[in-house]
1. Quote the relative contact order of region 97-181 in percent (integer), defining contacts as alpha-carbon pairs under 8 Å separated by 6+ residues.
2. Per DSSP H run of at least 4 residues, take -39500 (n - 2.57); add these up for the chain, divide by its residues and hand me the 222 nm value, nearest 500 deg cm²/dmol.
3. How far apart, in nm, are two points set 7 Å out from the Cα along the Cα-to-Cβ line at residue 161 and at residue 115?
4. How tilted is helix 101-112 with respect to the longest principal axis of the chain? Cα atoms for both, answer in degrees (0 to 90, nearest 10).
5. If R0 is 22 Å, what FRET efficiency do you get for residue 216 and residue 86 from their C-beta distance, rounded to 0.05?
6. How compact and how long is region 108-254, expressed as Rg and Dmax of its alpha-carbon atoms in Å?
7. For region 4-56, what Kirkwood radius comes out of the mean inverse Cα-Cα distance, in Å?
8. Taking the Cβ-Cβ separation of residue 50 and residue 144 as r and a Förster radius of 25 Å, what is the calculated FRET efficiency to the nearest 0.05?
Ligand SMILES: C[S@@+](CC[C@H](N)C(=O)[O-])C[C@H]1O[C@@H](n2cnc3c(N)ncnc32)[C@H](O)[C@@H]1O
């Protein structure tokens, strides 16, 4: 029998390490069930098991979600960055990327854009869940996931596999995925600096303190644009970054 104290301790550890606030009775019950059904209870010096991470994360995503962000990226941000006298790649981070739809949406927009950019473009997706990162690397999606793409885009860039659609290699845009925790300083040191960070629909699961920690990391590793979801932490983003006067008001600059 798993004690309430053990479950509460584990929920606290999850909050401290990966940011997700699990304060509802249903969260407690879910994690208790996981342990009772043979799920691993990690000792303090062991990482949180990936099945547990999958259990407590919400991976909902789809192609072209909040598509006005991609319009702004292609029509305003890229032309500006492309005009800079730099021979290095334009670097974009999707943190978190879930199963890859956001990163591939950017890549597909670049493939379809009327203008070729001089600078090369790198899109890196990170997510704490190894399961979704594996899925992103495979690039196989359900009809639901691609519902917002036009039939022309689907036929040009996907092959039909049974009931799913697998994305074809996108030559010309470097898209990469990596599993990692946004609160891991070593990961950030390895990732380096970015021109654009997309961080959509993750901060809603964190508390204020964790969001501040995350935004501090972004500030250190960003020289450019921060794009967050409409329900994310706008209060602190506004304090730490400069809001841009776009239609939706959820784009910030360092
Ligand atoms: C709802 S999805 C958002 C995906 C995409 N950005 C979008 O808006 O469609 C939230 C993702 O955040 C990831 N996540 C939660 N905590 C994380 C952390 N500490 N580090 C990295 N990823 C995390 C989850 O695994 C999940 O895939």
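Please treat every number below as a calculation from the coordinates, not as lab data. Predicted model only: the values in this text are computed from it and were never measured. Using ideal geometry, Cβ is built from the backbone for each residue, glycine included, and neighbour counts are taken over all protein chains shown.
1. Relative contact order comes out at 44 percent.
2. Taking each H run of at least 4 residues, the total per residue is -11500 deg cm²/dmol.
3. Between residue 161 and residue 115, the simple spin-label model gives 3.6 nm.
4. The angle comes out near 10 degrees.
5. 0.30
6. Considering region 108-254 through its Cα atoms, Rg and Dmax are 16.9, 48 Å.
7. About 11.0 Å for region 4-56.
8. Computed FRET efficiency for residue 50 and residue 144: 0.55.
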